[in-house]
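What follows is a set of notes on a single structure, which appears directly below.
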Amino acid sequence: LSVAFLRLWLAAAAYGLILIARGMRLHRSQFRAVAIGGLFFGGDLITFYLALQYTSVAIAVTISALQPIGVLAAASIFFGERVTRTHLLWGTIAIVGVVMVVLGAGTDGAASLTGNLWAIGALICWAGYFIGSKSARRHVDNHSYLVWINLIGGLMLTPVILVVGLDTDRAISWSGLGWVALIAAIPGSGHVVMNW
């Protein structure tokens, strides 16, 4: 959670400075369009990192890999996109694969119901982020949206960090901050492309 917290605030600051350098500003009127995507983005980071505290990385990532199925259903409902039999076939294969991995990994003691539930929460939030992003991008430019989602996520994670505390041993060092900056830059760049 400390890494996620630092990543969000660092990304919000860095992308905010780039926004200012480009002569752009965030506008309060944009908040309504970006709020859903930002809340789900922050929720995904919180729930995913909590999942990792209670279950294996393999299980958490595998459960999150089901995200396209939620997006597929939402795309049909909210955006009127057509769902084909091929989509349903591959979705079913994905579900069966995830169930096999989760059940297989559960036998070695690395899994827990709590961790799996947090991972399912992360799955829901990740799908919600995609849906919120598609909707937001109709009203807000990509760069402003990137600043907004990191800012909203950072604001969401701040009270959590105030309760659980910041892991100063690993996160607050030159090496730790360097890794956080790398995490902010590489996945952040992916978000730029993905939302565009």
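The values are calculated or read from the model by the stated rules, or taken from the named source; none is laboratory data. For clarity, every value in this text was computed on a predicted model and none was experimentally measured. All Cβ positions, even for glycine, are placed from backbone atoms using ideal geometry, and neighbour counts span all protein chains on display. Keep in mind that these areas ignore ligands, DNA and RNA; they rest on the heavy atoms of the full protein, side chains included. Shrake-Rupley method; radii C 1.70, N 1.55, O 1.52, S 1.80 Å.
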Suppose we keep only residues that are of a type in the set (A, V, I, L, M, F, W, C) and under 22 Å from the mean Cα position of the chain (by Cα) within the range 78-93. Which one would you say is most open to solvent (accessible area, probe 1.4 Å)? Phe78
Could you list, in sequence order, the residues of the range 49-70 that are part of a helix (DSSP H, G or I) and in contact with a Ser or Thr (Cβ under 7 Å, 6 or more places away or on another chain)? Tyr54
Which residues, counting only those in the range 124-142, are over 14 Å from Phe78 (Cα atoms), more than 9 Å from the chain's Cα centre (by Cα) and open to solvent by 30 Å² or more (accessible area, probe 1.4 Å)? Ile124, Arg137, His139, Asp141
Checked against (1) open to solvent by 60 Å² or more (accessible area, probe 1.4 Å); (2) among the β-branched types (Val, Ile, Thr); (3) more than 21 Å from Ser133 (Cα to Cα), Thr62 satisfies every condition except (1)
Flagged pairs (Cβ under 7 angstrom, 6 or more apart or on separate chains; first in the range 51-73, within 16 Å of Val99 (Cβ to Cβ); second hydroxyl-bearing (Ser, Thr, Tyr) and not in a helix (DSSP H, G or I)) are Thr55/Ser112
Considering (1) in contact with a helix residue (DSSP H, G or I) (Cβ under 9 Å, 6 or more places away or on another chain); (2) modelled with pLDDT of 90 or more, say which one Asp169 fails and leave the rest. (2)
